[in-house]
Amino acid sequence: MKNTGRLLSMLFVACLGVPSLAGATVKVVTTLTDYAAIARDVGGDRVEVQAIVAGNADAHFIKPKPSYALMLRDADLFVSTGLDLELWAPVVVNKAGNRNIVDGAPGYVTAFQGIELMQKPISLDRSGGGVHVYGNPHIQTSPLNAAIIARNIATGLCKVDPEGCESYKLNLAVFTDEIARRLYGERLVEVLGVEALDPLARTGRLVPFLEEHALVGELGGWLGEGLPLRNRKIICYHKNWIYFTTLFGLSVVDYVEPKPGIPPTARHVAELIDLIKAEHIEVLLAANYFERRKPELIADRTGIVPVVVPTSVGGEPGVVTYFDLVDTWLIRLLDAFALADETSGGQGHHGQGGHHDSHHDGHHDRHQSSGDR
Ligand SMILES: [Zn+2]
């Protein structure tokens with residue numbers, strides 16, 4: 001009888017969700033749905049995950065709501081980018097009054113840790129209203145970064161739930177392995193290994209390297225499918241995609257926003273229209289939370305093909321995992337360039353196949369930064 005009573009009281013405590021108890025569910029709250037999807041993969045059945053920002057919302061401009069603080073009140077782990085993508089997050093964390101997840105606490109994970117930021121400005125200056133003062137915070141657009149984000153989340157989970165650490169490490173290995181196989185294809189991972197492939201891919205040098213060694217035919221996965229995107233020019237609405245475009249060798253010529261977070265003036269739109277015509281730019285890539293009027297106007301005047309996609313998991317029906325998200329970006333862009341080529345009679349074929357081009361990613365990144373001030 002005594003034992004039954006103790007067992008019952010233990011069960012009662014377990015139901016209250018005391019985090020140190022074995023088998024208790026770890027409550028994870030993330031800013032982005034992408035971090036939530038990755039946390040579900042890494043956490044498995046030990047975690048319960050919620051995201052604050054909807055998949056079709058602009059994470060830069062979220063109005064803190066009391067319900068967000070409520071979500072964080074009893075969270076064990078909070079995952080945010082850690083840069084200025086979610087400028088509203090510290091306010092929400094403050095309101096939640098949960099010391100386990102404040103900056104510096106074991107339950108606070110900064111997703112960007114260990115990721116080399118691109119488009120770093122020379123000085124921290126928000127005077128013009130820019131929202132990327134530490135460098136580009138849209139880190140999740142590269143699958144290589146997704147693997148680092150998964151590692152950061154696993155490290156955080158191990159801190160708040162040491163008993164689950166072995167299982168988190170195992171899930172992390174599965175996730176990282178799937179990223180590699182989906183990115184390069186089974187065969188290339190076997191032949192060269194991720195230790196050789198990742199640093200080359202990260203800096204946009206993988207395809208030139210494979211071409212040099214007559215190995216480009218072995219490239220499969222997303223990068224293999226994405227070969228027709230190499231050296232093609234695009235316009236982006238916002239600086240959402242630099243990690244993705246660098247990885248796939250796309251060249252971003254300009255942006256609809258004159259500065260991240262600043263809506264375009266009529267004059268900037270007119271200049272863009274001239275630029276698109278002069279440089280025969282065929283595709284305009286925009287996140288689905290931006291207004292459609294200006295991209296439509298630009299498309300009407302120039303014939304550029306607009307590609308409107310979610311930036312995050314859940315931003316569109318059917319985009320459930322991080323892998324679905326990358327599939328969506330890739331398929332839409334490939335379709336858009338195929339359509340552009342059809343309408344222009346194939347004139348736009350600059351970057352197909354074994355075309356060597358010294359205009360690799362370091363160059364257009366610098367070009368963009370000059371307009372960023
Ligand atoms: Zn941004």
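The values are calculated or read from the model by the stated rules, or taken from the named source; none is laboratory data. The shown structure was predicted, so the numbers you read here are calculated from the model rather than taken from an experiment. FYI the Cβ positions are ideal-geometry reconstructions off the backbone, even for glycines, and counts take in every protein chain you see.
A few remarks follow.
- Residue check for residue 159: of a type in the set (Lys, Arg), in contact (Cβ under 8 Å) with a residue 40 or more places away in the chain and over 24 Å from residue 245 (Cα atoms): yes
- Whichever residue in region 221-242 is within 16 Å of the ligand (Cβ to nearest atom) and aromatic (Phe, Trp, Tyr) and, among such residues, is nearest to residue 301 (Cα to Cα): 237
- The single condition among (1) within 16 Å of the ligand (Cβ to nearest atom); (2) in a strand (DSSP E or B); (3) under 19 Å from the mean Cα position of the chain (by Cα) that residue 245 does not satisfy is (2).
- Wholly within region 63-174, helices (runs of 4 or more DSSP H) carrying at least 1 residues that are in contact with a Gly (Cβ under 8 Å, 6 or more places away or on another chain) and away from the ligand (no atom under 16 Å from the Cβ): 66-73, 143-160
- Residues that are assigned to a strand (DSSP E or B), under 30 Å from residue 208 (Cβ atoms) and either within 16 Å of the ligand (Cβ to nearest atom) or without any contact (Cβ under 8 Å) to a residue 24 or more places away in the chain (or both), drawn from region 250-272: 252, 254, 255
- Pairs where the first residue, in region 280-307, is over 15 Å from residue 340 (Cβ atoms) and the second is charged (D, E, K, R), C-beta under 6 Å, 6+ apart: 289/58
- Criterion (part of a helix (DSSP H, G or I) and either of a type in the set (Val, Ile, Thr) or assigned by TED's automatic domain parsing to the domain that holds residue 132 (or both)) met by exactly one of 234, 276: 276
- Residues that are away from the ligand (no atom under 16 Å from the Cβ), surrounded by 16 or more Cβ atoms within 10 Å (Cβ to Cβ) and closer than 30 Å to residue 62 by Cβ within region 273-298 comprise 283, 284, 294, 295, 298, listed in sequence order.
- Residues of region 177-188 classified as more than 16 Å from residue 207 (Cβ to Cβ) and of a type outside the set (D, E, K, R), total: 2
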